[in-house]
Each structure stands twice: as structure tokens, then as C-alpha cells.
Amino acid sequence: HGFLRKNEENEVRTIFRLLNMEDSIRIIDAKTEFLNALQNISSSEDKRKIIGRKFIEVFVNYIKNNNLSFNYFAQGTIYPDIIESGGTKGSKVIKAHHNVGGLATELLKENNLTLIEPLKYLYKDDIRELGRFLNVRENIIMRQPFPGPGLAIRIIGIITEDRLERLSEADYIIREFLNSKYSIWQLVVILIPEITTGVVGDRGILGDVIVIRAVNSVDGMTATPVSIESSDLMELSSIVTNKINGIVRLVYDYTGKPPGTIEWQ
Ligand code: XMP
């Protein structure tokens, strides 16, 4: 969908290569199609639903165009996705996750695809335990969670290719800097585009804000902010605002969950 983090596609390829399974993955580049479908969409709920539907459309079109035939569609839904989408008894909608509330079930049905979700009754920490039981490599087990809709829900408001590029670059710089120095369960970098006044040379501009959110958690249902040295934040602010045109401010989010969810939207 074009909303992965910088280098992530290669990292995934490498994982499959190490497992001698490189031939069993096909990566479809549908970035343009996703960007078109999301043009002028600013609500994160709408983004999730559009992305959930596009995932299935792209998959179905690919199998049709290549004369392939599949019986199953598998996804890594976990229990919190179902709870937050209001899919359990007594739970209210917090957000309609792309793979639950936004899932195009009728498209799957029309194409005779049976949905498989082997992890759907497990929390993140249960899944890590299961991974260890199955001898999955520790670096894969301990990969930080990353939402299915990716950077699309970390750009507040309308998504453009420029904004995506800026966020991807900022996210990369910040991850490289913080992940080697701190123990972080999940690091979230958010772009709030064109809302704040900045100065470039002697000119005022309407610039972007980058928000950093680093949290510790066990299962993602609650979270506490990680304490980052202010000198590190100052250094990062200077690097990010100097390196990336249009970003004029960097702030750190100290909020726990509750009340703030881990993602901003
Ligand atoms: P929140 O923001 O709800 O996040 O506190 C809890 C965990 O869920 C991830 N998350 C998502 N994962 N699709 C996903 O696959 C989504 O739409 C989505 N929204 C949040 C989030 O990154 C965190 O690990």
C-alpha cells in the first residue's frame, strides 16, 4: 500500500530469505492505487475502511489477473483489534480496525475466499509466547508493533505523496536514533501537516509538526510513556527540522494509555 516504513519491504524480504521462503512471497506495489483511493480523505476511520477494502480488492485482482486460484485469505488479526472495533460482547467502538470493522467480507464471499485468522483470540504478549514456543527468531518476535494501515494513519488529515515522504524520512531518522538507545515497546512518529508558523531564512512559512510517542506496554491495551533525555530530544529536533524541508517543529508526547491511545488516531 506504500505506507510501510523506510526499508521495511527489504526487511520483510530478508526474513523470508532467511527462512528459505523467498519464492513463496509476492510483493505487489499498489501505492498509486491506495493513494488515489485516499485522495482528500482526512478522517482516520474512513482511511481505515478504505484501506481494509483496497487490501482485498488488490489481492482479488491480482489472483484474477494471474489466473491463480486460492481458497483462503489469511490475516494477522489479534484480539485487541476485535475489542477496539466493538466486535466483542459489551465492547464499544474505539476505532474500526482495517482488518475487522473495515474488512470487505462480501468481497471475500463473492470470490469464495475463506477467512483464516489464527491469532484472533490472542493478545500481543500471548502471540510472542506462542512465537517462542514455535522457535521463531527473537528479533522477529520482538519487532515493534506497526499498524496494518501503516503511515497512512500517522499523517493527520489528508495524505499526499510529499507528506508521506516527509513522515517516512522523519520516522527513519527518529527510529535509528532512539531504538538503539532506549528500550521501547512501540515508537510512533506522527506528522501534523502545515499547521504551525515557522521561519526559513527571513520568510515565515506554514510548516509541519512531528510528534514522537514512545511507549512501554505488555499487551498494547494500556501503555506508559518512555522517559527520553531532553538533550536527545533537542538533538533530534535539530536534525529533523534541518534535514527535512517543511518540518519546523518537533514535540514529544508524554501521555499514557489511557487516556491517549498509542496511535494518535
Ligand atoms: P491504540 O492506538 O489503539 O493501539 O492504542 C494499540 C495497538 O494497535 C495498533 N493499531 C493498529 N493495528 N490496524 C492495526 O493493524 C489499525 O488500524 C491499528 N490501530 C492501532 C497500534 O499500533 C498499537 O500497537
task: List the residues whose amide H sits under 5 Å from the amide H of Leu250, counting only those 5 or more places along or on another chain, with H placed 1.01 Å from N in the peptide plane.
output: Ile210
Segment 157-165 - phi-based ³J(HN,Hα) in whole Hz, Karplus 6.51/-1.76/1.60, Gly and Pro as x: x, 5, 8, 10, 4, 4, 5, 4, 4
- prompt: For Asn65 and Met221, FRET efficiency with R0 = 41 Å and r from the beta-carbon atoms, rounded to 0.05?
  reply: 0.50
- prompt: Counting only residues 5 or more places away or on other chains, whose amide H sits under 5 Å from the amide H of Phe73 once H atoms are built in the peptide plane?
  reply: Thr114, Leu115, Ile116
message: Once you place label points 7 Å from the Cα toward the Cβ at Met21 and Glu235, how far apart are they in nm?
response: 3.8 nm
query: Taking segment 114-255 on its own, what percent of its Cα-Cα pair distances exceed 18 Å?
result: 62 percent
Taking N as its residue count, the alpha carbon Rg of segment 129-205 over 2.2 N^0.38 Å: 1.48
statement: If one builds a Gaussian network model of the chain from Cα atoms under 10 Å apart, the most fluctuating residue listed among Asn66, Asn36, Asn242 is Asn66
query: Counting alpha carbon pairs within less than 8 Å and at least 6 residues apart, what relative contact order, in whole percent, applies to the chain?
result: 17 percent
task: Any chance you could tell me what percent of the C-alpha pair distances in segment 1-146 go past 20 Å?
output: 59 percent
message: How large is the direction-averaged shadow of the alpha-carbon convex hull of segment 7-66, in nm²?
response: 5.2 nm²
field: Selected from Ile27, Ile153, Ile41 as most flexible by GNM, with the chain as the system and alpha-carbon contacts under 10 Å
entry: Ile27
statement: Nearest-0.05 FRET efficiency for Ile140 and Asp202 at R0 = 45 Å, using Cβ-Cβ distance, is 0.35
task: Note down the net charge around Leu38, summing +1 for each Lys or Arg and -1 for each Asp or Glu among other residues with Cβ under 12 Å from its Cβ.
output: +4
task: Give me the distance between the Cα centres of segment 153-216 and segment 61-120, rounded to whole Å.
output: 30 Å
- request: Measure off 7 Å from each Cα along the Cα-to-Cβ vector at Ser43 and Ser91, then give the distance between these two points in nanometres to one decimal.
  value: 2.2 nm
query: Cross-link partners among lysines for Lys6, C-alpha distance below 25 Å, same-chain residues fewer than 8 apart left out?
result: Lys31, Lys47, Lys49, Lys54, Lys124, Lys181, Lys243
Of Asn40, Asn111, Asn135, the one that fluctuates the most in a GNM where the chain has Cα springs shorter than 10 Å: Asn135
query: Restricting attention to the alpha-carbon atoms of the chain, what are Rg (one decimal) and Dmax (integer), both in Å?
result: 19.4, 62
field: Nonlocal amide H pairs with Glu194, under 5 Å, H built at 1.01 Å
entry: Asp208, Val209
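Every read-out reported here was derived from the displayed coordinates using simple, explicitly stated rules and does not represent laboratory data. Bear in mind the structure is a predicted one, so any value in this text is a computation, not a measurement. For neighbour counting, all protein chains shown are included, and Cβ atoms are generated from backbone atoms with ideal geometry for every residue, glycine included.
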